[in-house]
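**Student:** What follows is a structure written as structure tokens; I'll ask about it next.
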Amino acid sequence: MIVDDRSRSKDEKLEKIVLTRLLRLHSRLSGLVTGLLVGIGVFIATNWLVIKGGPVVGPHLSLLGQFFIGYRVTFLGSLIGFSYGFGCGFIAGSLFARIYNWLAQMREEKR
């Protein structure tokens, strides 16, 4: 089978365009989405236990108070937990995207 040099160069150009377009993550957007997911998760979990009630409310979730200063299993605590969760999630998501982009850049430079 004979392969035309022009089609090969077109394929290489297309591959390069695809690699540069698909392998990049927007770090602030990734941080925002991850932060919202973690924050809303803590908010919902806390309020679920507050609404559920009972003699002992959320002994395991209350351990977050060891890391998140001011957090308790109350409605006000759910707001504090949301803000801490958003902050931690934003940092983690942004850091993940930056590391991913850095590794993608290193991979692309090898080619």
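**Student:** If you project the alpha carbons of the chain onto their three principal axes, what span does each projection cover, largest first, in Å?
**Tutor:** 78, 24, 18
**Student:** Relative to the longest principal axis of the C-alpha atoms of the chain, give the angle of the C-alpha long axis of helix 75-110, reported between 0 and 90° and rounded to the nearest 10°.
**Tutor:** The two axes meet at around 20 degrees.
**Student:** Would you work out the charge dipole size for the chain about its Cα centre, treating the Cβ of every Lys and Arg as +1 and the Cβ of every Asp and Glu as -1, and quote it to the nearest 20 debye?
**Tutor:** The calculated dipole for the chain is roughly 120 debye.
Read-outs: derived from the displayed coordinates by stated rules, not from any lab. Quick caveat: nothing in here was measured; it's all calculated off a predicted structure. Glycine gets a Cβ as well: all are built from the backbone with ideal geometry, and neighbour counts include every protein chain shown.
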